[in-house]
Amino acid sequence: MQTNAPLSPEDQQLLKLLFKKSRLEAITPLVIGLILIIPSLFPIIIFPADFWIGKLFFALLVCGGGYAIYFWKIKSNRLKEQENNVLSGQKYLISGILQTVQLIDYKFLRYQVGSNIADAYIPLHTSLSSSPIHKRVIKQAEAWTGQYVTLHLVNLEPGMDLLLQANYNKTFNETIVPLEETDKQKQYRQLRNTWLAAFGILAVLLLLMYFLIGMENEGLVVLGVIPILLFSILLWYSIPLIREIRNSSLKSVVITTITEIVTAVVRSGKSSSEYKWYRLGNGTLLQQSNVLLHIGQTVVIESIIKPDGEKGMLMDVRKV
């Protein structure tokens, strides 16, 4: 069965984050264009006597930069038009018994619900970023087949549907309770353990580097810079979390059932790692790799409620 429905506030928030990420990625041609155009002015200043050299250099870079900026403008306008069309439209719902779920080209999932087939990209975000990415490399996907499900889908462009939710109507009970001092101390301990583990690994690496490169001038520079970089990264990561723990007074406790498991690749620079996302009873996804869960399993999820009312740091995930 297929019907249409208005986008919920949660749907609109997810789509806005998705388009925000796409707009940031689209800035790359603009940056390249400015990098090409601005330095092209220097030869005119440096070679005033041989002005033709500056003019030629200026013309070449301005052409390249102008094309990059033109390309950015076209892409930016297309994204804006696409966002307006999607947010002002409706989503469509497919309901029925889930027959199969297939992974297609490591890009999207093919759901067969009754006699309906839907190909959909899955928006996935990590705990370090609230912006979802719908074109991650998916390595594996499992779903609770044989169950009644409602797929919430929206068409981004011809041939590309986005899965907003996959609601199996399973257990999802959420309560808001006070954030106790014991909860805060537990989170502080976890942060402290993260620091200790990071510096423990660093100490081993520095010891190995000492034996490899010695204590010459270059070696001293390297041995001095690495701890500073690590300390800066840990501060950047920890300070917002410490403020969140200190300023919050409530937490969310959710009891829910796992209905889907998606394993996908998260890239950071040249490195990549595999992460797991679990579909909860309300149809949304949770990224969690510390606890191995299975479809049909009931779990308890605790998260901090930030002072603005939004969900913050994930505190605990445990099996019932």
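Values in this text are rule-based calculations from the coordinates and carry no lab data. Bear in mind the structure is a predicted one, so any value in this text is a computation, not a measurement. When we count neighbours, we look across all protein chains shown, and the Cβ atoms used for this are built from the backbone with ideal geometry, even at glycine.
Within the set of other residues whose C-beta is less than 13 Å from the C-beta of residue 9, count the net charge using Lys and Arg as +1 and Asp and Glu as -1. Within the 13 Å Cβ shell, the charges total -1.
Taking the mean number of other Cβ atoms within 10 Å as a proxy for protection, how do you rank 248-256, 294-302 from highest to lowest?
Numbers: 248-256: 17.4, 294-302: 15.8.
Packing order, densest peptide first, comes out as 248-256, 294-302.
Counting neighbouring beta carbons within 10 Å and listing from fewest to most, the residues 313, 1, 160 come out as 1, 160, 313. Each Lys or Arg adds one and each Asp or Glu subtracts one; over the other residues with Cβ under 12 Å from the Cβ of residue 162, this totals -2. Under 5 Å from the amide H of residue 312 lie the amide H atoms of 304, 305, 306, each residue being 5 or more positions distant or on a separate chain, with H modelled from the backbone and absent for Pro and chain starts. Summing charges over neighbours of residue 153, with a neighbour being any other residue whose Cβ is under 14 Å away from its Cβ, gives -2 when K and R count +1 and D and E count -1.
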